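Peer 1: Questions regarding the structure given below will be posed in turn.
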Amino acid sequence: MNNKKIFAMAMTAALATSAIVVVPEASAAPKKFKDVDAKAEYGQAIANLVERGVVKGYADGTFRPHQAITRGQSAKMLANMLALDTEDVVNPEYKDVAETNEYYGAIAALTEVDVFSGYADGSFRPNEAITREQLAKMLTTAYALLAPNGTTLPFKDVLVHTEAYDNVAALYHYGITKGQSPTEFGLRNSVTRAQFALFTTRTEQMLENRIQAKITADELDAAIIEATYTEESHPETGEEIFALHEDGETIGIEAISEGKGMIIVSGSNVTEEEEYEVVTQKKYIVEVTKKEEKLVVTLTESTDVTPTEISVEEEALGFEPKHIEIMSLDGKILDPTMYTYEKNTFEVIEGEEIEEPETASYTLTMKAAGAYIATFSDDEGNSRRLGLAISESDFSFVAMNVIEKNEVLVSQDEIGFNVRDMYVEQFTAGLAKDKIVHTQLTNDGVKITRATEGNGLFSIRLTGGDNESIYVHGFMYELAGITTIEYMVVTSEEMDELQNLLQSLGGGNLGDLAGLEGLM
């Protein structure tokens with residue numbers, strides 16, 4: 001599972017108990033610091049962290065709110081706030097952070113979940129003041145903050161299309177930062193102790209209202225859960241609809257913008273062999289709506305299966321497919337409500353030049369499992385068939401398809417010389433009991449047609465008058481009673497490499513051609 005997701009949700013769980021943390025009397029701080037305005041927002045933020053034992057004041061009764069906070073100090077405070085394990089950690093191997101360093105455990109824990117990183121020279125620089133830019137990255141990563149698409153900043157010192165812009169935009173969107181002035185964020189400026197308290201407590205306060213729906217492992221009678229598939233973006237605008245926050249036991253859902261998406265959640269238990277075994281899967285529809293200017297999440301369990309899309313190219317068909325009929329293998333016509341078929345369109349954005357393809361493409365969306373034959377036709381007598389095998393997997397349909405090609409022509413231009421002899425190599429086609437393909441030399445090139453049913457590889461050696469030679473290497477594959485033939489023209493050296501590869505993959509076992517197109 002993604003460490004960032006685990007981290008973000010662990011933080012959420014910690015917040016639920018943060019209000020009732022009991023601070024040991026020995027570490028209790030004075031209720032007031034003589035250099036802190038207790039009524040100001042920053043004073044209240046400091047008081048909150050002190051009461052929780054995250055930070056302390058100094059022996060002289062001061063807090064020193066305007067003193068810069070270091071990278072090491074910020075790591076220790078954040079790890080403390082999030083109740084991270086700072087003992088059982090992986091050494092990040094920073095050359096300036098020994099295991100005896102007081103900040104080692106916190107730095108290692110935060111590095112492990114990508115919240116902190118070192119410098120190119122292998123150092124961490126724990127005693128260096130943390131900058132506002134670094135703090136913005138730390139908070140957005142740790143708390144999984146994401147600004148909606150199109151969020152604009154008033155700060156002139158934060159360049160668009162940069163990581164810093166995305167991080168600061170998230171803080172600005174959630175009201176965590178107001179900038180050091182109306183037009184400046186202060187990326188390179190140091191973070192003070194008061195500012196750190198403000199940023200982190202504002203984040204926590206925002207977070208309390210952020211998780212609007214939850215799915216727990218107990219609800220699925222599982223020990224651990226995770227989102228195994230999600231659709232959280234708007235299909236047209238691409239804008240994020242919701243964000244997920246996971247810790248293994250809970251999946252929290254945060255509203256980002258209006259729209260509808262989907263998640264599939266897998267629940268697992270631990271076996272006696274201490275391995276995770278998936279025991280259940282559930283699909284949820286996540287709908288975000290706006291009520292009284294507030295985004296609201298509605299979570300609904302669903303058993304619907306997501307349709308699968310198949311791309312059909314006009315170039316492959318050889319004509320413009322105006323009509324389609326889909327039939328099962330027993331001859332029954334499929335109800336038109338179980339599929340859609342439409343021509344793909346290209347949206348032209350003003351001011352941008354988009355080169356449209358020379359031939360059109362179409363999308364066939366299937367909503368029913370089974371084996372089918374789709375017949376495409378036009379009004380001029382042309383037709384072409386497509387073999388379809390639609391199966392269901394994890395609440396989604398998955399499609400395999402082949403376009404009917406019972407014969408192919410290897411053109412004279414592809415061959416490059418006049419063919420004198422043709423020979424079907426035995427190390428591929430010869431492995432089958434029957435001849436797999438027929439070959440015929442024509443004025444236009446070499447025609448290859450299927451000679452038997454089933455799947456198989458073939459390699460045909462073509463020799464010219466001057467003893468030059470090339471190979472036509474390909475495969476014949478059958479699906480739902482429809483056969484396709486694919487090939488490529490290769491040199492003798494390339495054919496040797498393919499032969500070695502085929503032998504390493506199992507030689508004569510041609511029963512399963514899944515993934516064979518990778519050889520083409």
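Read the figures in this text as sums done on the coordinates, not as results from a lab. No experiment lies behind these values; they were computed from the predicted model shown. Cβ placement follows ideal geometry from the backbone for every residue including glycine, while neighbour counts extend to all protein chains displayed.
Peer 1: Please work out how much length the chain gains when fully extended from Lys260 to Met422, using 0.36 nm per residue of separation minus the C-alpha to C-alpha distance, in nm with one decimal.
Peer 2: On the way: separation 162, 0.36 × 162 = 58.32 nm, distance 5.89 nm.
The Lys260-Met422 span can extend by a further 52.4 nm.
Peer 1: Compute, for the chain, the length of the dipole vector about the Cα centre, with Cβ point charges of +1 (Lys, Arg) and -1 (Asp, Glu) only. Units Debye, rounded to 20.
Peer 2: 2540
Peer 1: Given the Cα-Cα distance of Asn127 and Gln44 and 0.36 nm per residue of separation, how much length would full extension add, in nm? Please report the intermediate quantities before stating the final value.
Peer 2: Numbers: separation 83, 0.36 × 83 = 29.88 nm, distance 2.67 nm.
Residue separation times 0.36 nm, minus the Cα-Cα distance, leaves 27.2 nm.
Peer 1: Can you pull out the GluC sites (Glu not before Pro) in segment 83-172 that DSSP calls coil and that have at most 15 other Cβ atoms within 10 Å?
Peer 2: Hits after loop and neighbour filter: Glu87, Glu93, Glu99, Glu102.
Peer 1: Within straight cross-link reach of Lys405, meaning Cα distance under 28 Å, which lysines are found once same-chain residues fewer than 8 apart are removed?
Peer 2: Lys322, Lys332, Lys343, Lys367, Lys433, Lys435, Lys447
Peer 1: Return the whole-Å distance between the Cα centroid of segment 476-494 and the Cα centroid of segment 159-208.
Peer 2: After rounding, the separation between the Cα centres reads 58 Å.
Peer 1: How many angstrom lie between the Cα centre of segment 86-104 and the Cα centre of segment 220-261?
Peer 2: If we compute the Cα centre of each part, the gap is 34 Å.
Peer 1: DSSP loop (so not H, G, I, E, B), at most 14 other Cβ within 10 Å: list which trypsin sites (Lys or Arg not before Pro) in segment 49-146 pass both filters.
Peer 2: Numbers: sites: Arg52, Lys56, Arg71, Lys76, Lys95, Arg132, Lys137; in loops: Arg52, Lys56, Lys95.
Counting only loop positions with at most 14 other Cβ atoms within 10 Å, the trypsin sites (Lys or Arg not before Pro) in segment 49-146 are Lys56, Lys95.
Peer 1: Which shape class, rounded, prolate or oblate, goes with segment 140-206 when its Cα gyration tensor gives a ≥ b ≥ c as root eigenvalues, a/c under 1.5 marks rounded, and past that a/b bigger than b/c marks prolate?
Peer 2: In terms of gyration-tensor shape, oblate.
Peer 1: Among the aspartates and glutamates, select those whose C-alpha is under 15 Å from the C-alpha of Lys56, and discard any that sit fewer than 8 residues away in the same chain.
Peer 2: The reachable aspartates and glutamates, counting only those whose Cα sits under 15 Å from Lys56, are Glu25, Asp35.
Peer 1: Read phi for every residue in segment 453-462 and hand back ³J(HN,Hα) as whole Hz from Karplus 6.51 cos²θ - 1.76 cosθ + 1.60, θ = phi - 60°, with x for Gly and Pro.
Peer 2: 7, x, 9, x, 9, 9, 9, 10, 8, 10
Peer 1: Going by a ≥ b ≥ c, the root eigenvalues of the Cα gyration tensor, does the chain fall in the rounded group (a/c under 1.5), the prolate group (a/b larger than b/c) or the oblate group? If you can, show how the numbers build up before the last one.
Peer 2: Working: a/c = 2.56, a/b = 2.24, b/c = 1.14.
Here the chain falls in the prolate category.
Peer 1: A further question follows. I want the local charge near Val97. Using Cβ-Cβ distances under 14 Å, sum +1 for each Lys or Arg and -1 for each Asp or Glu among the other residues. Could you put the intermediate results ahead of the total?
Peer 2: Working: positive: Arg71, Lys76, Lys95, Arg125; negative: Glu93, Asp96, Glu99, Glu102, Glu112, Asp121, Glu128.
Net charge around Val97: -3.
Peer 1: While we're here: For the chain, what is the calculated [θ] at 222 nm in deg cm²/dmol (nearest 500), taking -39500 (n - 2.57) for each run of four or more DSSP H residues and dividing by its residue count?
Peer 2: Value at 222 nm, helices only, nearest 500: -6000 deg cm²/dmol.
Peer 1: Right, here's the next one. On a 21 Å Cα-Cα criterion, which of the cross-link pairs Lys214/Lys260; Lys39/Lys156; Lys214/Lys282 come out too long?
Peer 2: Cα-Cα > 21 Å for Lys39/Lys156; rest within.
Peer 1: Taking Lys95 as the anchor, which lysines have their alpha carbon closer than 27 Å to its alpha carbon, excluding any fewer than eight residues away along the same chain?
Peer 2: Lys4, Lys76, Lys137
Peer 1: Along the charge dipole of segment 30-134, pointing to its positive end and built from +1/-1 on Cβ of Lys, Arg, Asp and Glu, which listed residue (Asn48, Pro92, Thr62) has its Cα farthest out?
Peer 2: Most positive-ward Cα: Thr62.
Peer 1: Sticking with this structure for a sec: Using just the Cα positions, wrap segment 211-302 in a convex hull and report its mean projected area in square nanometres, one decimal place.
Peer 2: 6.1
Peer 1: For segment 3-208, what class follows from the C-alpha gyration tensor (a ≥ b ≥ c being the square roots of its eigenvalues): rounded when a/c is under 1.5, otherwise prolate if a/b is larger than b/c, else oblate?
Peer 2: Rounded, because the longest to shortest axis ratio a/c is under 1.5.
Peer 1: When only DSSP loop residues count, what chymotrypsin sites (Phe, Trp or Tyr not before Pro) in segment 49-116 have their Cβ near at most 16 other Cβ atoms within 10 Å?
Peer 2: Tyr58
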